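Asker: Mind looking over this structure? Questions follow.
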Amino acid sequence: MNWLIVEDEADIRSLVSMMCQVWGNVPLAYESGQKAWDWLDTVESGQYKGAMPDFALMDIRMPGKRGNEISARLRTMPQFQHIPVVLMTAFVMSEDEMNQMKKDFGVDAVINKPLPDFDRLRTILYDIINRKKAEAPKVEAPKVEPPKVETAPPPVPVDVTAKTQPSKPPQMANLEIPKPAETPPPTTDTLKPVDVITPPSTEAPKPEATPTEPPKDPQA
């Protein structure tokens, strides 16, 4: 966890920061209430990009802002509305004063200085932290409904014992086969003479025979 530690006494601030680290946490320490207040300004403006504290341990009376004033401001910020806040004081406070402090400033507990021993302080602080976590409202994650899957209809049962009959071929007698159209025979009126073309002869013309005179009778 990250701890916000605000204490103006250097010895106590160093001791608490050292215990925070020994217990496996990370301290974010400030030496006065005013410096812690200025840091909250950077958180609200968005300038601060570091880790946010999960727990606050602060002195009440400090230069600048007091611990109870810082606690009241923490409760107005969404980041710190549910973190445990413990105040330390060297002054004796009655039970009624402590309850009023818790009611007016959102404080979870007030412990007196001098602080108890190492182990006792760890038990006190972690009891407060665990109790605060149990009281914090639980943020439920939005429920996401799974996509609907359409199921196919169940198959139609088939009677495998029934005898299957082959399908009958179509009745040929019932089929009408179209007849070809009849073409009337040609008539003599429609026939036309065809001109026959004789190809020219390729033979060479024969020479004409010249008439010869009959031989004269020598006895004539």
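The values are calculated or read from the model by the stated rules, or taken from the named source; none is laboratory data. Computed from a predicted model, the values in this text were never measured in an experiment. Note that each Cβ is placed from the backbone with ideal geometry, even for glycine, and that neighbours are counted across all protein chains shown.
Asker: Do we find that P153 is farther than 25 Å from L4 by Cα, at pLDDT 65 or above and out of contact with any helix residue (DSSP H, G or I) (no Cβ under 6 Å at 6 or more places or on another chain) in this structure?
Answerer: Values: farther than 25 Å from L4 by Cα: yes; at pLDDT 65 or above: yes; out of contact with any helix residue (DSSP H, G or I) (no Cβ under 6 Å at 6 or more places or on another chain): yes.
Yes; evaluated as a whole, the condition is true for this residue.
Asker: Only residues that are acidic (D, E) and surrounded by fewer than 17 Cβ atoms within 10 Å (Cβ to Cβ): list them for the stretch 16-55, please.
Answerer: Just the residues of the stretch 16-55 that are acidic (D, E), to begin with: 31, 38, 41, 44, 54.
Once the filter is applied, which keeps residues that are acidic (D, E) and surrounded by fewer than 17 Cβ atoms within 10 Å (Cβ to Cβ), the stretch 16-55 yields E31, D38, D41, E44.
Asker: Further question on the same structure: With closer than 24 Å to N2 by Cα and of a type in the set (S, T, N, Q) as the only criterion, which of N99, N68 stands out?
Answerer: N68
Asker: Tell me which residues, restricted to the stretch 26-73, are under 21 Å from Y126 (Cβ atoms), aliphatic (A, V, I, L, M) and under 35 Å from the mean Cα position of the chain (by Cα). Break it down stepwise before answering.
Answerer: Of the residues in the stretch 26-73, the ones under 21 Å from Y126 (Cβ atoms) are 26-29, 51-59, 67, 71.
Applying the additional criterion that residues be aliphatic (A, V, I, L, M) yields 26, 28-29, 51-52, 56-58.
V26, A51, M52, listed by residue number.
Asker: Out of R13, R75, report the one residue that is surrounded by 14 or more Cβ atoms within 10 Å (Cβ to Cβ) and closer than 27 Å to E135 by Cα.
Answerer: On the way: R13 fails: closer than 27 Å to E135 by Cα.
R75 is the lone residue from the list that is surrounded by 14 or more Cβ atoms within 10 Å (Cβ to Cβ) and closer than 27 Å to E135 by Cα.
Asker: Considering each of M93, M101, M88, M18 in turn, give the residue that is more than 44 Å from the chain's Cα centre (by Cα), without any contact (Cβ under 8 Å) to a residue 24 or more places away in the chain and either outside any loop (DSSP other than H, G, I, E, B) or within 26 Å of K133 (Cβ to Cβ) (or both). First the steps, then the outcome.
Answerer: Working: M101 fails: without any contact (Cβ under 8 Å) to a residue 24 or more places away in the chain; M88 fails: without any contact (Cβ under 8 Å) to a residue 24 or more places away in the chain; M18 fails: more than 44 Å from the chain's Cα centre (by Cα).
The unique qualifying residue is M93.
Asker: Within the stretch 29-42, can one find any residue that is within 19 Å of P116 (Cβ to Cβ) and either at pLDDT 95 or above or of a type outside the set (A, V, I, L, M) (or both)? Talk me through it step by step, then tell me what you get.
Answerer: Just the residues of the stretch 29-42 that are within 19 Å of P116 (Cβ to Cβ), to begin with: none.
No, because not a single residue in the stretch 29-42 is within 19 Å of P116 (Cβ to Cβ) and either at pLDDT 95 or above or of a type outside the set (A, V, I, L, M) (or both).
Asker: Tell me the residue from A36, A51 that is in a helix (DSSP H, G or I) and either touching a residue at least 24 places away in the same chain (Cβ under 8 Å) or out of contact with any Ser or Thr (no Cβ under 9 Å at 6 or more places or on another chain) (or both), please. Reasoning before the result, please.
Answerer: Numbers: A51 fails: in a helix (DSSP H, G or I).
Answer to the selection: A36.
Conditions tested, residue by residue: (1) closer than 27 Å to D41 by Cα; (2) assigned to a loop (DSSP other than H, G, I, E, B); (3) modelled with pLDDT under 90.
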| site | (1), (2), (3) |
| --- | --- |
| N130 | no, no, no |
| P137 | yes, yes, yes |
| K143 | no, yes, yes |
| V149 | no, yes, yes |
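Asker: With the requirement that a residue be of a type outside the set (A, V, I, L, M) and touching an Asp or Glu at 6+ places or on another chain (Cβ under 7 Å), what does the stretch 1-32 give you?
Answerer: As a first pass, look at the stretch 1-32 and keep what is of a type outside the set (A, V, I, L, M): 2-3, 7-9, 11, 13-14, 17, 20-21, 23-25, 27, 30-32.
Of everything in the stretch 1-32, those that are of a type outside the set (A, V, I, L, M) and touching an Asp or Glu at 6+ places or on another chain (Cβ under 7 Å) turn out to be N2, E7, D8, R13, E31, S32.
Asker: With respect to D8, determine if the residue is out of contact with any Lys or Arg (no Cβ under 7 Å at 6 or more places or on another chain) and surrounded by 15 or more Cβ atoms within 10 Å (Cβ to Cβ).
Answerer: Numbers: out of contact with any Lys or Arg (no Cβ under 7 Å at 6 or more places or on another chain): yes; surrounded by 15 or more Cβ atoms within 10 Å (Cβ to Cβ): yes.
Yes; evaluated as a whole, the condition is true for this residue.
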